[in-house]
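Novice: There's a structure below that I have some questions on.
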Amino acid sequence: MFAKVNSIGLFGLMAYTVDVEIVINRGQPMFDLIGLPDASIKESRERIKSALRSVDIVFPVASITVNLAPANTKKSGSAHDLAILVSLLKAMNYIDTNLDNSIFIGEVSLSGNIRAINGVLSMVIHAKEHGFTSIYVPKDNVIEASVIKGIDVYGVDSVSQLLNHFNGSSPIEKSYISTPTSIGKDYILDFSDVRGQQSVKYALEVSACGGHNVLLIGSPGSGKSMLAKRMPSILPPMTFNESIETTKIHSIAGKLDASHPIVTERPFRSPHHTISASGLVGGGTIPQPGEISLAHNGLLFLDELAEFDKHTLEILRQPLEEQKITISRVSGTVTYPSQFMLIGAMNPCPCGYFNHPTRRCTCSNKTVHKYLSKISGPLLDRFDIHVEVAPVEFEDLVSKTKEESSSSIRQRVIKVRDIQNERFKGTDISCNARITPAKLSEFCPITYDAETFLKNIFEKTGLSARAYSKILKIARTIADMDGLEVIQKSHIAKASRFRSLDQKYWQV
């Protein structure tokens, strides 16, 4: 007796079709799994055997061989359990339905229930793209799976329910199309909580408007972390495509919220400075996404930036430029997207009071230089905006003036992002910070006076080509905030002030 059922495997974000072939012959009782399965797949025999017992089906006393094709691709995880079970039931004639256009994914428990798995969204997208008309997933994965239109999604709760579906006694209803909607998150951390620091708030608003990376440097207690943690409250809403991209990554990593399995709010990741390189960029035998990929379409906040391992920080340089990270292992190569806004916060020296207006720094120049040198020139160059966070004035702390709320700032950010969405329509560019060198002159028209002013800055300060382009992109964002299409001299002046701290601190 022979049967074949379709399943899907994952390697990173890449999904691939797996043909689950089974043959039952007379002979010495055995259950062979071939096709490069890992230990978790080999253990499916006991799970399936117990699950069949739960529906009063006797496991066949025969020679059973299960092949997972293609046989030259390593298979891992428990997602193929359901397909193996269905293929066995089909070979035993408990199911006689044509399943050529159906996909089965899910983990089978000893009690016969079907458990949720990771990476379902990528699998459903693959199934639709390859012409399959229906997919059977664990019931707990239904909302995530039904986001994709054009394929029928069935949520399976148990083996008995699946048998009742195929024998016609109690068909499983197709899932309704689920559209990702914002959960209407009320941000507890609001910019109205921050007293004073108007210049820093303006810099962060510019950052949110254009998707620019920011470095905050200042003494302890000046509000760097407080300000950075409020950034999510002013970012624009996610688009449908951004939501799908981000959900795919979080699904593979097993980071989805069971009560709301579609990511609709921009991620905010804030790893501790003791994180390893693989924790930041991803890794493992079968590479899993790291913090920079989990922050895709959102924010990555690195507090106490100079306390991170220098080698770990240097790994960020390439992903910041390419908006993706490629991880190579013996088992293969995986590429994860990593288009995120980076916010770094740090003290200017070990004691924290270098260049403080009132407190004396206890560090020597050599100590200060050694501390700041943990942030290399190339990495510093990748921060679009440099902001010095000054100590909060007493008058600001006791002021009765009501600070502007995040919601009002966010409305301005959305307005500016709408301008950029219209400008970049039909391109792969998402915001001003992502303008490619080839498109810089097209999207950043500039007056003669502004260009002359920028030329003088470039020659006097010895800016790198990257710093030049970043000033131009920041000026483009500031011009958008002013509602102007052509960049003016005042926009260049404001943008250049955001690139001056390397001269103040890193020339020690």
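The values are calculated or read from the model by the stated rules, or taken from the named source; none is laboratory data. Since the structure is predicted, the reported quantities are computational estimates derived from the model, not experimental observations. As a convention, Cβ positions derive from the backbone with ideal geometry for all residues, glycine included, and neighbour counts pool all protein chains shown. Ligands, DNA and RNA are stripped out before the accessible areas are found, and what is left, the full protein with its side chains, is counted by its heavy atoms. Shrake-Rupley method; radii C 1.70, N 1.55, O 1.52, S 1.80 Å.
Novice: Answer rounded, prolate or oblate for the stretch 1-117, using the Cα gyration tensor with square roots of eigenvalues a ≥ b ≥ c: rounded when a/c is under 1.5, else prolate when a/b is larger than b/c, else oblate.
Specialist: Values: a/c = 1.44, a/b = 1.32, b/c = 1.08.
In terms of gyration-tensor shape, rounded.
Novice: If amide hydrogens are placed 1.01 Å from N in the peptide plane, which non-local residues have theirs closer than 5 Å to the one on Gln288?
Specialist: Sorted by chain and number, the residues that satisfy this are Gly283.
Novice: Would you work out which of Leu235, Val486, Leu13 lies farthest towards the positive end of the dipole of the chain, given +1 charges on the beta-carbon of Lys and Arg and -1 on that of Asp and Glu, about the Cα centre?
Specialist: Selected residue: Val486.
Novice: OK, next. Among Thr427, Met123, Leu89, flag the residue with its Cα farthest along the positive direction of the charge dipole of the chain, charges on Cβ as +1 for Lys/Arg and -1 for Asp/Glu.
Specialist: Looking along the dipole axis, the top candidate is Thr427.
Novice: Let me have the 222 nm mean residue ellipticity of the chain computed from DSSP H runs of 4+ only, each contributing -39500 (n - 2.57), with the sum over all residues rounded to the nearest 500.
Specialist: The helix contribution divided over the chain gives -10000 deg cm²/dmol.
Novice: If the reach is capped at under 12 angstrom between alpha carbons, list the aspartates and glutamates near Lys174, excluding any in the same chain fewer than eight residues apart.
Specialist: Those aspartates and glutamates meeting the cut-off are Asp152.
Novice: Distance from the Cα centre of the stretch 283-338 to that of the stretch 453-508, in angstrom?
Specialist: First find each Cα centre; the distance between them is then 28 Å.
Novice: Please state the shape class of the stretch 387-458: rounded when a/c is under 1.5, otherwise prolate if a/b exceeds b/c and oblate if not, all from the C-alpha gyration tensor.
Specialist: It is oblate, given that a/c is not under 1.5 and a/b is not larger than b/c.
Novice: Looking at the stretch 161-235, which trypsin sites (Lys or Arg not before Pro) are DSSP coil and have at most 14 other C-beta atoms within 10 Å of their C-beta? Don't jump to the answer; show the numbers that get you there.
Specialist: Numbers: sites: Lys174, Lys185, Arg195, Lys201, Lys224, Lys229, Arg230; in loops: Lys185, Arg195, Lys229, Arg230.
Loop-located and lightly packed - Lys185.
Novice: Let me ask you something else. Using the Karplus curve 6.51 cos²θ - 1.76 cosθ + 1.60 with θ = phi - 60°, what ³J(HN,Hα) values do you get for each residue of the stretch 35-50, in whole Hz, with x for Gly and Pro?
Specialist: x, 6, x, 8, 4, 5, 6, 4, 6, 4, 3, 5, 5, 5, 4, 5
Novice: Okay, moving on. Can you work out the FRET efficiency for the pair Asn421 and Arg26, with r the C-beta to C-beta distance and R0 = 51 Å, to the nearest 0.05?
Specialist: Efficiency at R0 = 51 Å is approximately 0.20.
Novice: To continue, here is another question. How large is ³J(HN,Hα), in whole Hz, for each residue of the stretch 83-97 in order, when computed from phi with the Karplus curve 6.51 cos²θ - 1.76 cosθ + 1.60 and θ = phi - 60°, using x for Gly and Pro?
Specialist: Here the 3J(HN,Hα) series is 5, 5, 4, 5, 5, 5, 5, 5, 5, 8, 6, 7, 10, 10, 7 Hz.
Novice: Using Cα pairs closer than 8 Å and at least 6 residues apart in sequence, work out the relative contact order for the stretch 277-370, in percent.
Specialist: Relative contact order, the stretch 277-370: 28 percent.
Novice: Let me know the charge dipole size of the stretch 461-508 about its Cα centre in debye, to the nearest 20, where only the beta-carbon of Lys, Arg (+1) and Asp, Glu (-1) is charged.
Specialist: The calculated dipole for the stretch 461-508 is roughly 180 debye.
Novice: Assigning unit charges at the beta carbon (Lys, Arg +1; Asp, Glu -1) and nothing else, what dipole magnitude in debye, to the nearest 20, does the stretch 62-193 show about its Cα centre?
Specialist: Rounded to the nearest 20 debye, it is 420 debye.
Novice: If you count, for each residue, the other Cβ atoms within 10 Å and average over each peptide, how do 473-486, 427-440 line up from highest to lowest?
Specialist: 473-486, 427-440
Novice: Which distance in nm do the two modelled labels at Glu393 and Arg359 give, with both placed 7 Å along the Cα-to-Cβ direction?
Specialist: Each label point lies 7 Å from its Cα, and together they span 2.0 nm.
Novice: May I ask for the net charge around Tyr353, where only other residues with Cβ less than 10 Å from the Cβ of Tyr353 are counted and Lys, Arg are +1 while Asp, Glu are -1?
Specialist: Net of charged neighbours comes to +2.
Novice: How would you classify the stretch 438-478 from its alpha-carbon gyration tensor, with a ≥ b ≥ c the square roots of the eigenvalues: rounded for a/c under 1.5, else prolate if a/b is greater than b/c, otherwise oblate?
Specialist: It is oblate, given that a/c is not under 1.5 and a/b is not larger than b/c.
Novice: For Leu33, enumerate residues with amide H under 5 Å from its amide H, sequence gap 5+ or separate chain, H modeled in the peptide plane.
Specialist: Here Val66 satisfy the definition.
Novice: Mind checking which lysines have their C-alpha under 20 Å from Lys248, skipping anything on the same chain fewer than 8 residues away?
Specialist: Counting by Cα, and skipping residues close in sequence, Lys248 has these lysines nearby: Lys75, Lys128, Lys139, Lys149, Lys324.
Novice: Continuing with the same structure: Taking amide H positions as placed in the peptide plane 1.01 Å from N, state which residues far from Val389 in sequence (5 or more) or on other chains have amide H under 5 Å from it.
Specialist: Placed amide hydrogens put Ile217, Gly218 under 5 Å from Val389.
Novice: What distance in nm lies between label points placed 7 Å from Cα along the C-beta direction at Ser199 and Lys149?
Specialist: Taking the simple label geometry, Ser199 and Lys149 are separated by 5.0 nm.
Novice: In whole Å, what is the distance between the alpha-carbon centres of the stretch 7-77 and the stretch 155-233?
Specialist: The stretch 7-77 and the stretch 155-233 have Cα centres separated by 38 Å.
Novice: Which value, in Å², gives the accessible area per residue of the stretch 26-171 when a 1.4 Å probe is used on the protein heavy atoms?
Specialist: 43 Å²
Novice: Looking at the stretch 99-182, which GluC sites (Glu not before Pro) are DSSP coil and have at most 14 other C-beta atoms within 10 Å of their C-beta?
Specialist: Filter output for the stretch 99-182: Glu173.
Novice: Now, a different point. Which whole-number percentage describes the relative contact order of the stretch 347-414, with Cα contacts under 8 Å and a sequence gap of 6 or more?
Specialist: It comes to 19 percent, rounded to a whole number.
Novice: Roughly to the nearest percent, how much of the accessible area of the chain is carbon and sulfur, given a 1.4 Å probe? Please report the intermediate quantities before stating the final value.
Specialist: On the way: 11480 of 22890 Å².
After summing per-atom areas, the C and S share lands at 50 percent.
Novice: With +1 on each Lys and Arg Cβ and -1 on each Asp and Glu Cβ, and nothing else charged, work out how big the dipole of the chain is about its Cα centre, in Debye to the nearest 20.
Specialist: 1080 debye
Novice: Something else about it: Determine the relative contact order of the chain: mean sequence separation of Cα pairs under 8 Å and six or more apart, normalised by residue count, in whole percent.
Specialist: After rounding, I find 13 percent.
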